[in-house]
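Notes for the one structure printed next.
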Amino acid sequence: MPQFRTPSAIPGFGLTYGFVWLYLSIIILIPLGAVVLWAASLGPAKLVAILTRPDTFSALRLSFGLSLLAAGVNAVFGLIVAWVLTRYSFPGRRFFDAAVDLPFALPTAVAGIALTAIYAQNGWVGSLFAPGSLWASVFGPLKIAYTPLGIFVALVFIGLPFVVRTLQPVLVDLDKELEEASATLGARRPTTLFKVILPTLAPALLTGFALAFARAVGEYGSVIFIAGNIPGVSEIAPLLIITRLEQFDYGGATAIATAMLALSFVILLLVNFTEAWSRKRLGHVR
Amino acid sequence: MELKIRNLRKEYGNFPALNGVNLDIRSGELIALLGPSGSGKTTLLRAIAGLEMPDGGQIFFGERDASRQSVQQRHVGFVFQHYALFKHMKVLDNIAFGMRYGQGRRKSEAQIRQKVLELLDLVQLNGLEGRYPSQLSGGQRQRVALARALAIEPQVLLLDEPFGALDAQVRKGLRRWLRQIHDETGHTTVFVTHDQEEAMELSDRVAVLHKGGLQQVGTPDEIYDNPATPFVYAFIGDSTSLPVDLRNGEAVFEGRALRISRVDSPDGPGRLHIRPQDVTLTAPSDGVVHGKIIGLRRSGGYRRADISVGVKHDRVEALLPPEQEVSVGDEVGLDFRRYAAFAEDREPPKLGLARKAA
């Protein structure tokens, strides 16, 4: 049992603990609790009916599937970006370093419109895969904007800084002697990478992954422009919620929101447990 | 394995970390690279391991030129000051790392386990194979690091300030223990230290480095009793020095001449180096120099006397047995049992350990 009134070298637990509860309640728990309560008032039968509708189901699958995929891709390529930015010094490093943050700062609608313009079939990148392009003549035409692929591109775009920024400080602190020790023991570079470096980075990488995923699941602004929003094909769950609201179907909206909430919570909890486990192995017991 | 280092050079920018080092390391010996920070000792060690690429010169492992070989090919055991253990691996996996992923012949898991347990026995950590490094003390971690380095059966064992991060008590214990391990395994061992006591106590030979160059290589006795350069004299042990004039094999201090054995110094201004324990006090009328005791301090089993000598009040330190009856203010004569004279160094070594004449 925690003791609330013991003299302590770091006083203020009672006050700050109370504040944490108050703050979390006002900002997070009460609003989200209201969502859950509203959804619960629909009754289980209606809830199941809403969630098993084909458009709801496919929107949820699309949102969570693509978010996980995008977070995974960001984990890999964000690691490479963070690695290059911390390990090497080259002209323009500071410029690239600052550019990583742009997806944070940009209004998401701007990002969505910019991405759409570029990835549309007549855009710079989109035209490279459009019918008549070299790619199309070899592999067949590929449509990026207005398809799930476009959503994926937008989710990768907005998730990248999360992975890079969580990894950078850890990479800076990464002990070079670990790599040197591995080399003196005869391990080649790939072995060192997979057996020494990656396990050491695992907790930070998981945190970055979780943040990128959480951001991607809730992303709305940038996605709706590039998605095309074809029901059942490229309609994401947050958009479906908005659609329901516009139809004054508050029950439907809160039901989908509650489902998203529950799924996100379970996934983030899993990631957190994995992270805690790998952190503990590294000896950072908290 | 015998090591030959030929004319090794390394620069960081314009700063010469090593300027043409030649050193022969005998097979099976335990040699210390000793020097103040910035002397190039760690650079030399890392160059032997292949962790640092020298700008010039060669390193021979036996007859084999290792200069252009990669770290992995050199097959050396390296122990880092801060252990560099793999935190996400248990002790067993740390020690097994080199056997599993290294360049040597593959062993079966049973053989690896067997070898790990043998090594744990050698480093006296039996039963800790299932622990993570974070669950070990500093001394234990360093012993795991040593076991890990020994596991690949290296040609040479290199240790970079292996006890630098440990507290004094543990350090002394591990020092004795490392000597024991060396005698048991017979590896050629090179270790870097800035602690002269550690170097003197532990090693067969000591190589003293200063500003990227070798000052002297010899047994601890040779280094202590016959320092080759003023730097070594000042760096190893306590010493004080007096300004003298070198003339025809004599060192002249304010008109009094002292015969010096080392006459290769050119005539001209020089410095006479004396260790406190080599100073004896005589009657004021006797002795080569005269002075006045200006301070007395107790130091272990002895007393240290600060003596102001000559017209310029140069300071000499003497180590006296406590029963000798002296007090501050006494006029005394000084005899030097042993001393060395060197031509004046334009840049006297700046060291905390060397007590320069005030």
Per-region count, region A:58-70, residues more than 10 Å from A:ALA237 (Cβ to Cβ) and out of contact with any helix residue (DSSP H, G or I) (no Cβ under 7 Å at 6 or more places or on another chain): 1
Residue satisfying all of: in region B:256-301; of a type in the set (Ser, Thr, Tyr) and within 24 Å of B:VAL232 (Cα to Cα); modelled with the highest pLDDT among these: B:THR280
Test: residue in region B:82-93 that is on the phi > 0 side of the Ramachandran plot and aliphatic (A, V, I, L, M): yes
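Okay, residues lined up against (1) of a type outside the set (Gly, Ala, Ser); (2) open to solvent by less than 20 Å² (accessible area, probe 1.4 Å):
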residue	(1), (2)
B:PRO133	yes, yes
B:GLN142	yes, yes
B:ALA145	no, yes
B:LEU150	yes, yes
B:GLN155	yes, no
B:HIS210	yes, no
Index of the failed condition, A:ARG244 passing every other in (1) basic (Lys, Arg); (2) open to solvent by less than 30 Å² (accessible area, probe 1.4 Å); (3) under 21 Å from the mean Cα position of the chain (by Cα): (3)
Selection count where residues are closer than 13 Å to A:VAL153 by Cβ and either small (Gly, Ala, Ser) or surrounded by fewer than 18 Cβ atoms within 10 Å (Cβ to Cβ) (or both), scope region A:108-117: 4
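Conditions (1) among the aliphatic types (A, V, I, L, M); (2) modelled with pLDDT under 90; (3) out of contact with any His (no Cβ under 7 Å at 6 or more places or on another chain), marked per residue:
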position: A:SER8; (1), (2), (3): no, yes, yes
position: A:GLY78; (1), (2), (3): no, no, yes
position: A:ALA99; (1), (2), (3): yes, no, yes
position: A:GLY112; (1), (2), (3): no, no, yes
Conditions (1) over 16 Å from B:ASP335 (Cβ atoms); (2) open to solvent by 70 Å² or more (accessible area, probe 1.4 Å); number of the one not met by B:GLU254: (1)
Residue match in region A:43-61 (condition: open to solvent by 60 Å² or more (accessible area, probe 1.4 Å), charged (D, E, K, R) and in contact (Cβ under 8 Å) with a residue 12 or more places away in the chain): yes
Near pairs, Cβ below 9 angstrom, 6+ apart or cross-chain, from region B:304-315 (under 16 Å from B:GLU331 (Cβ atoms)) to any residue that is open to solvent by less than 10 Å² (accessible area, probe 1.4 Å) and not in a strand (DSSP E or B): B:ALA305/B:PRO276
Qualifying position, being modelled with pLDDT of 90 or more, surrounded by fewer than 22 Cβ atoms within 10 Å (Cβ to Cβ) and part of a helix (DSSP H, G or I), among A:SER278, A:SER264: A:SER264
Entirely in region B:265-326, the strands (runs of 3 or more DSSP E) that have 2 or more residues that are polar (S, T, N, Q) and open to solvent by 20 Å² or more (accessible area, probe 1.4 Å): B:279-282
Number of positions in region B:221-251 that are outside any helix (DSSP H, G or I), under 30 Å from B:HIS187 (Cβ atoms) and open to solvent by less than 10 Å² (accessible area, probe 1.4 Å): 2
Hey, A:ALA255 crowded, with 20+ Cβ neighbours inside 10 Å, hydrophobic (A, V, I, L, M, F, W, C) and either within 14 Å of chain B (Cβ to nearest Cβ) or in contact with a helix residue (DSSP H, G or I) (Cβ under 9 Å, 6 or more places away or on another chain) (or both) or not: yes
Residues satisfying the stated conditions in region A:118-144, i.e. assigned to a loop (DSSP other than H, G, I, E, B), buried (at least 16 other Cβ atoms within 10 Å of the Cβ) and among the hydrophobic types (A, V, I, L, M, F, W, C): A:ALA120, A:ALA130, A:LEU142, A:ILE144
Qualifying residue in region A:189-199 (condition: away from chain B (no Cβ under 14 Å) and either open to solvent by less than 40 Å² (accessible area, probe 1.4 Å) or among the hydroxyl-bearing types (Ser, Thr, Tyr) (or both)): no
From the options A:GLU246, A:GLU235, A:GLU219, residue that is among the acidic types (Asp, Glu), out of contact with any helix residue (DSSP H, G or I) (no Cβ under 8 Å at 6 or more places or on another chain) and more than 14 Å from chain B (Cβ to nearest Cβ): A:GLU246
Residue in region A:148-166 that is within 30 Å of B:LEU158 (Cα to Cα) and either over 25 Å from the mean Cα position of the chain (by Cα) or assigned to a helix (DSSP H, G or I) (or both) present: no
A:GLU275 vs. criteria within 14 Å of another protein chain (Cβ to nearest Cβ), under 17 Å from the mean Cα position of the chain (by Cα) and touching a residue at least 24 places away in the same chain (Cβ under 8 Å): yes
Scan of region B:70-108 for residues that are among the aromatic types (Phe, Trp, Tyr), touching a residue at least 12 places away in the same chain (Cβ under 8 Å) and facing chain A (nearest Cβ under 7 Å), ordered by number: B:PHE78, B:PHE80, B:PHE86, B:PHE97
Only listed residue being of a type outside the set (S, T, N, Q) and free of Cβ contacts under 8 Å to residues at least 60 places away in the same chain, chosen from A:GLY78, A:GLY72, A:GLY33: A:GLY33
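The values are calculated or read from the model by the stated rules, or taken from the named source; none is laboratory data. This structure is a prediction, so every number in the text was calculated from the model and none was measured. Ideal geometry is used to build each Cβ from the backbone, glycine not excepted, and the neighbour counts take in all protein chains shown. The area values use the complete protein model at the heavy-atom level, side chains included, leaving out ligands, DNA and RNA. Shrake-Rupley method; radii C 1.70, N 1.55, O 1.52, S 1.80 Å.
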